[in-house]
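Input: a single structure, listed below in C-alpha cells.
The values are calculated or read from the model by the stated rules, or taken from the named source; none is laboratory data. If you're wondering where the values come from, they're calculated on a predicted model, not measured in any experiment. As a convention, Cβ positions derive from the backbone with ideal geometry for all residues, glycine included, and neighbour counts pool all protein chains shown. The area values use the complete protein model at the heavy-atom level, side chains included, leaving out ligands, DNA and RNA. Shrake-Rupley method; radii C 1.70, N 1.55, O 1.52, S 1.80 Å.
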Amino acid sequence: MKEFKYVITDPEGIHARPAGILVKQAAGYQSAVTIAKGEKSADAKRIFGVMGLGVKTGEEITITVEGADEDTAAAELETFFKENL
C-alpha cells in the first residue's frame, strides 16, 4: 500500500472538471485508489464519490493506492495532483 498527502491549491477545489480528469486517471490503474478528506473517503474511480467529498482550496487530502501497480500509480497520481490541483 502506498499513501501520500496533498493540499489542494486549485482556487475552486476539486470541482467537476478536475474530478472528471482525476477519475479518468485513476481508472487507468489496476490498483484500488482511495481519496480521503478527514473522516470521509471515496473511490477515486467514481466521480460522485470524489465530488461528494466537497474538497475546497487549502484542504489536505490523503490518497491511498493498493494493488498490483501501486508503485507506478502512486507516483503518477502524485505528479497528477501537483500539475492539476
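List of remarks:
- Taking first residues from segment 52-75 that are of a type in the set (Lys, Arg) and partners that are surrounded by 15 or more Cβ atoms within 10 Å (Cβ to Cβ), the Cβ contacts under 8 Å between residues at least 6 apart in sequence or on separate chains come to Lys56/Ile8; Lys56/Gly13.
- Sole residue being under 17 Å from Asp10 (Cα atoms) and among the small types (Gly, Ala, Ser), chosen from Gly38, Gly49, Gly67, Gly54: Gly54
- Selection status of Lys5, assigned to a loop (DSSP other than H, G, I, E, B) and not hydroxyl-bearing (Ser, Thr, Tyr): no
- Residue within segment 14-26 that is in a strand (DSSP E or B), surrounded by 14 or more Cβ atoms within 10 Å (Cβ to Cβ) and out of contact with any Leu (no Cβ under 9 Å at 6 or more places or on another chain) present: no
- Residue check for Ile8: closer than 15 Å to Glu83 by Cα and either small (Gly, Ala, Ser) or open to solvent by less than 20 Å² (accessible area, probe 1.4 Å) (or both): yes
- Here segment 37-85 is the region considered, the condition is being acidic (Asp, Glu) and surrounded by 14 or more Cβ atoms within 10 Å (Cβ to Cβ), and the residue that is farthest from Lys24 (Cα to Cα) is Glu59.
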